[in-house]
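To keep things clear, I will list the structure first and then write my remarks on it.
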Amino acid sequence: VDIPPGALSYPPPADDSSPDADASSALPLPSTYITCGKCKSLFAISSADLGAHGKGRRVKCSVCDNSWYQSRDRLLDIPTQTHELLPLPKSDLERIAKNLEREESADFAGVFKLYVGNLDWNVKEEDLKEFFESGVEGGGEVCDVSIVRGEGGRSRGFAFVTFYEEEVGRKALELNGKECNGREISVREPNN
């Protein structure tokens, strides 16, 4: 029996149509997890999720649609003292889906990386992705955006933007000095 997409996520995704869906209605986090062999996503799952009979059951990744037989004896313990299981951000899910569509590995993060500095403190990854995809002459796809944040989660004012194609990344260098969210940004190749 296949587990439907999203069934392995703890807490379950909030139903946008339900205004009162919140974390207080989330299921308790099991103490074990599994890993998708294709996209490497982790899913919290309990032995009971694998059914009452037999050694396990067929499961399906809600990120990349890979399916496999999961046995009870191959469940991994969540090291709750040192780690916290968090949901993947939407941007990561979109990047993984696009990578698989392009027949790249799920963890592919692009071929040409740029440093972007002097960012507005409130800029979001989606803002930078849209800025670069719409600002590059002839268009182009951004593979990944990573805003560097301090311990409190506040932006440190710079980010790294990675492109699927080197040519598009080189064209993006022309956006140096352009305005993004009210700030004149710095765009250059990273030091490393």
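The values are calculated or read from the model by the stated rules, or taken from the named source; none is laboratory data. All of these numbers come straight from a predicted model, not from anything done at the bench. Here the Cβ positions follow ideal geometry from the backbone for every residue, glycine too, while neighbour counts run over all protein chains shown. For the accessible areas, the whole protein counts, side chains as well, though only heavy atoms, and no ligand, DNA or RNA atoms are used. Shrake-Rupley method; radii C 1.70, N 1.55, O 1.52, S 1.80 Å.
Structure notes:
- The angle separating the long axis of helix 90-101 from the principal Cα axis of greatest extent in the chain is about 90 degrees.
- Label-to-label distance, Ala52 versus Asp73, with points set 7 angstrom from Cα along the beta-carbon direction: 2.4 nm.
- Taking each DSSP H run with n ≥ 4 as -39500 (n - 2.57) and averaging over every residue of the chain yields -4500 deg cm²/dmol at 222 nm.
- Residues of the chain: accessible area per residue with a 1.4 Å probe, Å²: 62
- Stokes-Einstein D for the chain, Kirkwood Rh over Cα pairs, 4 °C, 1.567 mPa s (µm²/s): 68
- Largest to smallest in accessible area, the residues Leu86, Leu100, Leu93 fall in the order Leu86, Leu93, Leu100 (1.4 Å probe, all protein chains included).
- Crossing angle, helix 125-135 versus the chain [Cα axis fit, 0-90 degrees, rounded to tens]: 50
- Solvent-accessible area assigned to carbon and sulfur over the range 63-106 amounts to 48 percent, based on a 1.4 Å probe.
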